[in-house]
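Here the structure is laid out as structure tokens; the discussion comes afterwards.
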Amino acid sequence: MSALSAVAGRSVAVVGSVNLDVVITVDRRPGAGETVAGTGVQDAIGGKGANQAISAAADARTVLVAAIGSDSAGRTARVQLEAGGVVADELRTSPIPTGRAYITLTSDGENSIVVVPMANGDLTPEHVRAALDRADPGVVLCQLEVPLRAVEEAAAWCESSGARFLLNPSPMMPFDPHLLALADPLIVNRHEAATLCDDDTAAPRELARRLASICRSVVVTDGGNGAYVAVGDELGLVPAPRVTVVDTTGAGDAFAGTLAARLTHGDTLLQATEHAVAAASRIVQLARSER
């Protein structure tokens, strides 16, 4: 059975984080030891897992495997995820409060983020395996805002079941190279790709070529330039449309979630990436309040 036929028509499972995002808008970021005045603040449900699941759910049945607190943020997260079309049956309720992310957003649409895992750190390998057994997805998408043991369990489940393992290693940290070998695709931006290749001078095209030699496939995103797709010796570029950027927050998650969903429709990786680039391009044109 081909990889495409094995996942086509099946669901997506996102194994990842759920946070309460505290978004602070500023004219400029403070320097070390400096205080600046903010121009606004907004609370919203986020986390790479939740964001990717909501994006995937717009185009395919999507189950989120995650841990939330029993606090008001956790209850709000469950409601908002279900409102976004995500199957929330596999959310584990932890005695630890729901995770937090503090996002500083400047007027040029760029952001910096500090994440405090909290309940996300309580996502166990046992819960991941049991949840995936119940959901039986064709595609499993992971990031690194949850314990590595949970991600490794998801990868092992994919390896044994024939599901397609997608890895978005963000935030970047040391992890078992075996995860790279199983990634199909590895989804990284140019900075993450440079870190993995230990080369901050190589062009994204070259980074994609190198990573494709150790992963089953790879997608390297390059902001407004688009994304490079590499499978074996084949390399392609999906260009991004020229748009006015308002807020880049969540663009990478929209990209990854959309790509995962399109793979369940039988798209090739290049076709799925075309949809993902379009989704990310739409997101960056909108303020968070408009999404």
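The values are calculated or read from the model by the stated rules, or taken from the named source; none is laboratory data. Since the model is a prediction, treat every value here as computed from it, not as a measurement. Reconstructed Cβ throughout: ideal geometry from the backbone, glycine too, with neighbour counts over all protein chains shown.
Kindly establish whether Leu237 is modelled with pLDDT of 95 or more, among the hydrophobic types (A, V, I, L, M, F, W, C) and not in a helix (DSSP H, G or I).
Criteria met by Leu237.
Being touching a helix residue (DSSP H, G or I) at 6+ places or on another chain (Cβ under 7 Å) and outside any strand (DSSP E or B) is the filter; apply it to the stretch 59-68 and report the residue that is surrounded by the most Cβ atoms within 10 Å (Cβ to Cβ).
Here the residue is Ala60.
Can you tell me which residues in the stretch 12-50 are polar (S, T, N, Q), surrounded by 18 or more Cβ atoms within 10 Å (Cβ to Cβ) and at pLDDT below 95?
If the condition is that a residue be polar (S, T, N, Q), surrounded by 18 or more Cβ atoms within 10 Å (Cβ to Cβ) and at pLDDT below 95, then Thr25 is the only one that fits.
Tell me, yes or no, whether the stretch 223-240 has at least one residue that is within 27 Å of Val23 (Cα to Cα) and charged (D, E, K, R).
no
What residue, among those in the stretch 202-232 that are at pLDDT 95 or above and polar (S, T, N, Q), is surrounded by the fewest Cβ atoms within 10 Å (Cβ to Cβ)?
The qualifying residue surrounded by the fewest Cβ atoms within 10 Å (Cβ to Cβ) is Ser213.
Taking the stretch 247-278 on its own, how many of its residues are more than 17 Å from Gly49 (Cα to Cα), among the small types (Gly, Ala, Ser) and surrounded by 20 or more Cβ atoms within 10 Å (Cβ to Cβ)?
Adding up the residues that qualify gives 1.
If you take the residues of the stretch 69-104 that are in a strand (DSSP E or B) and among the polar types (S, T, N, Q), which of them is nearest to Asp21 (Cα to Cα)?
The extreme case among them is Thr104.
Taking the condition touching a residue at least 12 places away in the same chain (Cβ under 8 Å) and in contact with a helix residue (DSSP H, G or I) (Cβ under 8 Å, 6 or more places away or on another chain), does Thr258 pass?
When the stated conditions are applied, Thr258 passes them.
Taking the stretch 105-161 on its own, how many of its residues are assigned to a helix (DSSP H, G or I) and more than 30 Å from Ile24 (Cβ to Cβ)?
Looking only at that region, the number is 22.
Which of (1) at positive phi; (2) assigned to a strand (DSSP E or B) does Tyr228 not meet, given it meets every other one?
Result: Tyr228 fails condition (1) only.
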